[in-house]
Structures are given as structure tokens and as C-alpha cells.
């Protein structure tokens with residue numbers, strides 16, 4: 001099973017709202033990633049968690065707050081977003097010892113109004 | 001710093017024909033990984049094929065194969081017998097193996113492939 005799931009599929013939020021994106025995998029992967037992707041552009045890395053600890057933060061604004069409650073789950077908490085934050089948010093995971101491939105989820109399409 | 005270049009923003013191919021997507025990269029490392037990812041309009045990023053730099057043999061996965069030229073730093077993807085379902089954005093990506101579990105993927109800008117019936 002090489003499945004990464006993400007919820008919700010679509011999210012529309014106002015600039016004053018607080019919402020969360022959820023990512024889950026049951027492949028035993030111990031590295032999990034958040035990417036932001038604009039239309040027709042490659043994904044941009046935001047955060048990396050390794051063994052449930054934040055190991056990379058690519059200078060992402062504090063209105064994005066990641067959380068890794070356990071080895072299977074990754075959340076991205078959103079607060080006071082701007083319209084330019086509208087994008088596809090992709091989650092990925094990889095296993096540190098069984099290969100370097102990252103497996104991606106289907107993404108959450110976020111629209112900030 | 002490593003860079004990945006895809007010089008073909010868009011390509012088109014007829015169904016059942018063969019198409020080759022180009023990718024070049026720049027690195028000073030001797031060992032690394034290269035990937036091709038496919039992202040259909042449905043948006044899920046799917047791993048197509050991977051190549052380890054220390055392996056001379058070109059990777060193949062069914063109708064997908066690569067031409068890996070390490071000295072030229074070139075990593076092209078050949079799709080044989082193109083199918084309508086191959087219509088997608090294709091991203092070439094580089095990864096250094098020296099970052100442990102948090103290896104970063106460095107993506108090219110992508111090639112949008114349209115398979116025509």
C-alpha cells in the first residue's frame with residue numbers, strides 16, 4: 001500500500017478563519033513533507049518532519065503551523081491567510097531506510113477569499 | 001547548489017507514438033538520485049521512475065524508460081506507445097542522498113505533455 005491520504009480535497013476560507021489540513025499514511029514512513037504548489041509550477045517544499053520532529057522549515061510565514069502528532073499523521077494549521085496563499089497543498093512521505101522515493105497525496109485545493 | 005532544467009515547457013504526441021522528455025541537472029556530487037514524477041490533471045503526483053547515479057543501467061518501468069548520461073548530466077524520459085492517460089505534467093527531480101531521512105527533492109519546471117487521439 002503506497003497511499004497517502006489528504007483531507008479535505010477542497011477548502012475555501014476567509015482571511016480571518018482558522019482551518020487545518022490533514023495528511024495520513026500507514027506505510028510506516030518516518031519522514032513527512034508539506035509542499036505548496038501553484039498552477040503549472042513545481043511543488044515548493046514548506047516543512048519536513050523526521051521521526052515526528054520538525055527538521056526543515058523553509059522560511060514559511062508563521063500563519064502556517066505544522067504539527068506531527070504521531071508517525072502516521074501530519075497536520076497543517078492555517079490562520080490569517082492571504083489570497084496569495086491560495087494553492088494546492090501536497091503532503092508526501094518517505095521511508096528513511098527502505099528507499100528515498102517520496103509518495104504524494106492527492107492534495108488539498110485551498111482558496112483564500 | 002543543485003539545479004534541474006527542463007527546456008520543453010509543452011510537448012504533444014500522437015497516441016501510440018513515442019516521445020522523449022528532456023532533463024538536465026547540475027551537481028558536483030558523484031552519487032545522487034533522479035526521478036520522473038507525473039502529475040495528471042487530477043493533480044496527484046505519481047512517481048514514474050527512479051535512477052540511482054551509481055547504476056550504469058538505465059531504469060525502465062513498462063512503457064517508461066530513461067536515458068541517463070551521467071557525464072553529460074542528462075536524464076531524459078522516453079514514453080513508448082503513448083496513451084491518452086499519459087497526458088500530464090512531467091517533473092524531473094534530483095535528490096542528494098546525504099541528507100538522511102529529510103532529503104530534499106529539487107524539481108525542474110515541468111513539461112506539459114498532451115497525447116492526441
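If the segment from residue B:5 to residue B:44 were pulled out straight at 0.36 nm per residue, it would be longer than the present Cα-Cα gap by 11.9 nm.
Just checking the listed ones, A:41, A:18, A:53: in the Gaussian network model of chain A with Cα springs under 10 Å, the one fluctuating most is A:41. FRET efficiency for the pair residue A:111 and residue B:84, taken as 1/(1 + (r/R0)^6) with r the Cβ-Cβ distance and R0 = 35 Å, rounds to 0.75.
Once the chain from residue A:41 to residue A:5 is taken as fully extended at 0.36 nm per residue, the excess over their C-alpha distance is 10.8 nm. Averaging Cα coordinates gives a centre for the stretch B:62-115 and one for the stretch A:50-92; these two points are 26 Å apart. Across chain B, the relative contact order, built from alpha-carbon pairs under 8 Å that are at least six residues apart, equals 37 percent.
Values in this text are rule-based calculations from the coordinates and carry no lab data. Computed from a predicted model, the values in this text were never measured in an experiment. Ideal geometry is used to build each Cβ from the backbone, glycine not excepted, and the neighbour counts take in all protein chains shown.
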